[in-house]
Amino acid sequence: MRKNILAIVFLAFCNMLVAQQALNNDSVIKLVKAGLSEDLIVSTINAQAGSYDTSTDGLIALKTGGASDKVVSAIVTKAATAPPPVPAPPPVPPAPVAPAPEPVAPAPPPPPVAPAPPAPPVAPVPPAPPVADVPALPPGIDIVGVYYQDQSGAWKPILPEIVTAKFGGFEMNPLHPKDTGSRSTNGHVANAKAQTAATLPMVLAVYVPEGRTIADYRLLRLTIKSNERIFPITSGTATTDNDELDKNAVGFSSEKIAPRVYQIMLSAHLGKGEYGMLPPKPRDASEGSNWKIYSFSVSE
């Protein structure tokens, strides 16, 4: 009997609250924390209007606030059966616009202007001649020299070394040879091994100076002697023409892959040893003042 009296008093109190404010999630959590029974709270939700948040976050907040599944279910049912929102009132018609003033008589037109004389004809500009597409240099090849391809496919430069020509044990200038009689002349390169080491098969790229081709270059097998590498230049008259170097030359074929850039494939049949790609003698200061060779060491 006492519980029924409390319920009637609470419902009357809730009716007074509704006159001021509809129930919502926060109101239900307050009722739960106030210690009201589950049945009483459900009856209140069913009897009163309310505006509930039934989103995922809203339901989680109810459970966190202590609401039972039965209370949460009552809120969801009540929210689903809530009447549709009241439509917005129709827009207020615009205020009447005052009539436009009487039109003003237009001003008299200006006197006619004599037309300008036609411009003299302009001779058509002939179209520019088409520019041929020039393939770019391969990435990593930017200056004249010799390069090799590493395991990643990137081009790496082979450092040049100076060639010193000697005949009869005496040094001579290979760029200005002279008659040496019957004495042999050799090209000498310091150190017994090249700084660049590689394995076969090997891919080279030669970027030649302007006006040169790959035919001006020689691939030479170098002989290790003491602490240097040597190759014969000639016997008798010590000219340094490339034709005199073919006795130590290794044949190769090349493919042009860019302007002034030639690619060379060295197969495993080349064999291990010391090798060098020898450019032609410098013909002027633009190609340097020393004769150089791009040497590399091949291991199995």
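The values are calculated or read from the model by the stated rules, or taken from the named source; none is laboratory data. Not measured: the values here are computed from a predicted model. Cβ placement follows ideal geometry from the backbone for every residue including glycine, while neighbour counts extend to all protein chains displayed.
How many of the residues making up region 252-296 are part of a loop (DSSP other than H, G, I, E, B) and hydrophobic (A, V, I, L, M, F, W, C)?
In the first step, residues of region 252-296 are kept if they are part of a loop (DSSP other than H, G, I, E, B); the result is 252-253, 259-260, 267, 271-272, 279-284, 288-291.
So of that shortlist, the ones also hydrophobic (A, V, I, L, M, F, W, C) come out as 252, 291.
Residues that pass the stated criteria total 2.
Residues checked against (1) surrounded by fewer than 11 Cβ atoms within 10 Å (Cβ to Cβ); (2) modelled with pLDDT under 60; (3) β-branched (Val, Ile, Thr):
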{"residue": "LEU175", "(1), (2), (3)": "no, yes, no"}
{"residue": "THR185", "(1), (2), (3)": "no, no, yes"}
{"residue": "LEU204", "(1), (2), (3)": "no, no, no"}
{"residue": "ALA215", "(1), (2), (3)": "no, no, no"}
{"residue": "LYS247", "(1), (2), (3)": "no, no, no"}
Next item on the list: Starting from residues that are surrounded by 19 or more Cβ atoms within 10 Å (Cβ to Cβ) and in contact with a Pro (Cβ under 8 Å, 6 or more places away or on another chain), keep the ones in region 261-278 and report whichever is farthest from ARG218 (Cα to Cα).
Entry: VAL261
Note to self: Quick test for you: out of LYS70, LYS30, LYS78, pick the one residue that is at pLDDT below 85, surrounded by 10 or more Cβ atoms within 10 Å (Cβ to Cβ) and not hydrophobic (A, V, I, L, M, F, W, C).
What the structure shows: LYS78
Item checked: VAL86 vs. criteria closer than 30 Å to ASP53 by Cα, modelled with pLDDT under 80, surrounded by fewer than 10 Cβ atoms within 10 Å (Cβ to Cβ) and hydrophobic (A, V, I, L, M, F, W, C) -> yes
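Given the structure, is SER299 among the hydroxyl-bearing types (Ser, Thr, Tyr), at pLDDT below 90 and within 20 Å of PRO157 (Cβ to Cβ)? Break it down stepwise before answering.
Numbers: among the hydroxyl-bearing types (Ser, Thr, Tyr): yes; at pLDDT below 90: yes; within 20 Å of PRO157 (Cβ to Cβ): yes.
Considered against the rule, which asks whether it is among the hydroxyl-bearing types (Ser, Thr, Tyr), at pLDDT below 90 and within 20 Å of PRO157 (Cβ to Cβ), SER299 comes out as yes.
Would you confirm, using the coordinates I've provided, whether ALA154 is at pLDDT 90 or above and out of contact with any strand residue (DSSP E or B) (no Cβ under 8 Å at 6 or more places or on another chain)? Write out each step before concluding.
On the way: at pLDDT 90 or above: yes; out of contact with any strand residue (DSSP E or B) (no Cβ under 8 Å at 6 or more places or on another chain): yes.
So ALA154 passes the test.
At pLDDT below 90, under 36 Å from the mean Cα position of the chain (by Cα) and assigned by TED's automatic domain parsing to the domain that holds ASP284, is that true of ALA165?
On the way: at pLDDT below 90: yes; under 36 Å from the mean Cα position of the chain (by Cα): no; assigned by TED's automatic domain parsing to the domain that holds ASP284: yes.
Answer is no for this residue.
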